Structures are given as C-alpha cells and as structure tokens.
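What follows is a short report on a single structure.
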Amino acid sequence: MTKQEIEFRDPVVQSVVNKFVDRSDVGFAKYGKTLRDDNSDVFAWLNHLQEELMDATLYLQRLKEEITNLREEKALLRELNDIDVIDAFEVKVKKKKKYLKQNHGLGHDYWYTVEIDD
C-alpha cells in the first residue's frame, strides 16, 4: 500500500478524497483485490458502470420526490399561516363553541375553536 500526504485547500475536495479511500477499503475487504488487480473484461466493467448509473438514477428520483414533498408541505404551512379562521367560517353571531379537528396531511392534527349560532 502506498501512503501519500496531501495538503487540501478545499475541505469539500478533502471529503470526497476521503470517501474514495473509504470506498476502496470496502471494495478490497469484500473482493480481496484492488481495481488494478481485477482482470474482468471490458463488457463486465461496462455492466458494472451501467448498474451503478441505474442505482444513481433511482437515488436522484427519490431525492427529487422528497424535495417535492417538502416544498408542498412548506407551501401548505405558509397557506395555513395566512388563513384567518374566523373569516373562513364567516361567523357573525357567536353563541355556541364547536371544536374542529383537521389533519392537513402533515402528520399533525390542528384544532380550531369556532363559535357558531344555534
């Protein structure tokens, strides 16, 4: 094994290099050889690359869906903060109290107190 000392000016580059080294260690532990020592044919390498890219595409799609869900939740929360509950129910005469429980799909229940006439 060769050791090399590197000075990093960019911590992001340092993090990526460390991840490459860690990944190499995992591969060596699993297969008992380095990539240089792997004598697979070109087609096998292309197949490995294709599988990795397919996995990467799945990860990208999952992350895009997560971001979309978070954006939708954020927009809904923003809308909820802008709602004037009394105006939404157009209550004019206040006599009886009624408690409304609503779940806006965010995993939380919201209770509103609205006074309505008989």
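Observations on the structure shown:
- 5 Å binning of all Cα-Cα separations within region 38-82, expressed as whole percents from 0 upward: 5, 20, 12, 12, 11, 8, 9, 6, 6, 5, 3, 2, 1
- Estimated FRET transfer efficiency (Lys30, Lys64; beta-carbon r; R0 41 Å; 0.05): 0.85
- Charge tally for Ser15 (other residues, Cβ to Cβ under 14 Å; Lys, Arg +1; Asp, Glu -1): +1.
- The ranking of Phe8, Phe43 from fewest to most other beta carbons within 10 Å of each one's beta carbon is Phe43, Phe8.
- Annotation note: trypsin sites (Lys or Arg not before Pro) in region 1-34 located in DSSP loop regions with a Cβ neighbour count of at most 16 within 10 Å are Lys3, Arg9, Lys33.
- Using the Cβ-Cβ distance between Leu46 and Arg71 with R0 = 35 Å, the FRET efficiency computed as 1/(1 + (r/R0)^6) comes to roughly 0.40.
- Added length on full extension, which subtracts the Cα-Cα distance from 0.36 nm per residue, Ile6 to Arg23: 4.3 nm
- Neighbour-count ranking [beta-carbon atoms within 10 angstrom, fewest first] of Glu51, Glu7: Glu7, Glu51
Throughout, read-outs are computed from the coordinates displayed, never taken from laboratory work. Quick caveat, the model's predicted, so the values are computed rather than measured. Neighbour counts run over all protein chains shown; Cβ positions are idealised from the backbone, glycine included.
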